[in-house]
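The values are calculated or read from the model by the stated rules, or taken from the named source; none is laboratory data. Note that the structure is a prediction, hence the values are computed from the model and not measured. Quick reminder, even Gly has a Cβ in these numbers, built from the backbone with ideal geometry, and neighbours come from all protein chains shown.
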Amino acid sequence: MFRSILLADSDVESRDRLYEILFSMGYPVDCAPNSNEALARLQAERPYLLVLDENLASEGGLSILGKIRKFDRQMKIVFLTKDEPSVDVQAKTNYFGVYAVAKKDFSSHFMLKKILEILRETQEKAPEDQYFYLGKIMVVDDGPEMRVVLTTFLKMRGFDVKDVSSGDQAVMEIKIDKPSLVLLDERMPGMDGLVALKKIKEIDNAIKVVMLTAIEDEDIIKEAIGLGALDYITKPCDLEKLEALILSILIPQRHKDDDAVKE
């Protein structure tokens, strides 16, 4: 059973875009355009997750957090801000037990990643081909155990996955059969992850790449982002967070592709 969501946002366009993405993934989604309706729905229905906009009409998102916590201390909340969250906003939302604070920004995957990290925690096994329509995912890692862990998990979650053991092999196969997303190990013998990333982007800049790294080396991460990687995740991977990251990248891209076809 997919977890229920309430979107409390007065901006019709952003509410519609987020509703479309989450509903397409199978989540039961309701919307509230102002604080009065949001509070009424929360008391009556108790969704698993509330996505609450800072500039919600009538009272504003921060103002109703205290009211929400008077009748529900456990509800998961993601708080969306117009700009990068200030120290003051972080402190106030932490006080009310908000799970995550994120800038409302549809131009990147970070906002959606925060939301999906909550929704994908300890989910049941998905239908075998649930996410095949998002395209193939390639796992590139010289460690056989890591490849088995990642490919097994992602197949169980309904993705179309293949794995290769080196950067050279990845580049060769991508020239023939381009994946939608590559999970690319940073440290490999022979062609390392950064060189492989550069070559992948030269083949097709539209291919999404997430780096796998055992150590959070800021210089390497910065270089990878500069070469076109969208994000990174440290090994051993938190598999639920990895799934949330993948979906936050591929789902919006699929919607963009569908809109382009319609036009």
The residue that is surrounded by the fewest Cβ atoms within 10 Å (Cβ to Cβ), considering only those in the range 172-194 that are farther than 17 Å from ILE246 by Cα and of a type in the set (A, V, I, L, M, F, W, C), is ILE176
The lone condition VAL139 fails out of (1) modelled with pLDDT under 95; (2) closer than 23 Å to HIS109 by Cβ; (3) not in a helix (DSSP H, G or I) is (1)
Turns out the helices (runs of 4 or more DSSP H) fully within the range 1-73 with at least 3 residues that are over 19 Å from THR93 (Cβ atoms) and more than 23 Å from the chain's Cα centre (by Cα) are 35-45
Test: residue in the range 228-245 that is in contact with a strand residue (DSSP E or B) (Cβ under 9 Å, 6 or more places away or on another chain), over 19 Å from LEU112 (Cα atoms), at pLDDT 95 or above and surrounded by fewer than 19 Cβ atoms within 10 Å (Cβ to Cβ): yes
May I ask you to verify whether ASP217 is modelled with pLDDT under 90, surrounded by fewer than 17 Cβ atoms within 10 Å (Cβ to Cβ) and not basic (Lys, Arg)?
yes
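Let's see how each residue does on (1) in the same structural domain as GLU216 (by TED's automatic domain parsing); (2) in contact with a helix residue (DSSP H, G or I) (Cβ under 7 Å, 6 or more places away or on another chain); (3) at pLDDT 95 or above; (4) not hydroxyl-bearing (Ser, Thr, Tyr):
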| site | (1), (2), (3), (4) |
| --- | --- |
| MET156 | yes, no, no, yes |
| VAL161 | yes, yes, yes, yes |
| VAL164 | yes, yes, yes, yes |
| VAL171 | yes, yes, yes, yes |
| ILE174 | yes, yes, yes, yes |
| ASP177 | yes, no, no, yes |
| VAL182 | yes, yes, yes, yes |
| MET191 | yes, yes, no, yes |
| VAL195 | yes, yes, yes, yes |
Checked the range 86-107 for anything more than 19 Å from LEU39 (Cβ to Cβ) and either buried (at least 17 other Cβ atoms within 10 Å of the Cβ) or not assigned by TED's automatic domain parsing to the domain that holds LEU18 (or both); matches are VAL89, ALA100, VAL101, ALA102, LYS104
In the range 195-212, residues that are crowded, with 19+ Cβ neighbours inside 10 Å and free of Cβ contacts under 8 Å to residues at least 60 places away in the same chain total 7
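Looking at the range 68-78, is at least one residue surrounded by fewer than 19 Cβ atoms within 10 Å (Cβ to Cβ), under 18 Å from VAL29 (Cβ atoms) and modelled with pLDDT under 95?
Within the range 68-78, the first condition is being surrounded by fewer than 19 Cβ atoms within 10 Å (Cβ to Cβ), and the residues that meet it are 69-75.
Among the residues that remain, those that are also under 18 Å from VAL29 (Cβ atoms) are: 75.
The next check asks that each one be modelled with pLDDT under 95; those that pass are 75.
Yes.
Yes/no matrix, rows are residues, columns are (1) in contact with a Lys or Arg (Cβ under 8 Å, 6 or more places away or on another chain); (2) under 26 Å from LEU184 (Cβ atoms); (3) of a type outside the set (Asp, Glu):
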position: ARG46; (1), (2), (3): no, no, yes
position: LEU65; (1), (2), (3): yes, no, yes
position: ASP72; (1), (2), (3): yes, no, no
position: VAL98; (1), (2), (3): no, no, yes
position: ASP105; (1), (2), (3): no, yes, no
position: LEU116; (1), (2), (3): no, yes, yes
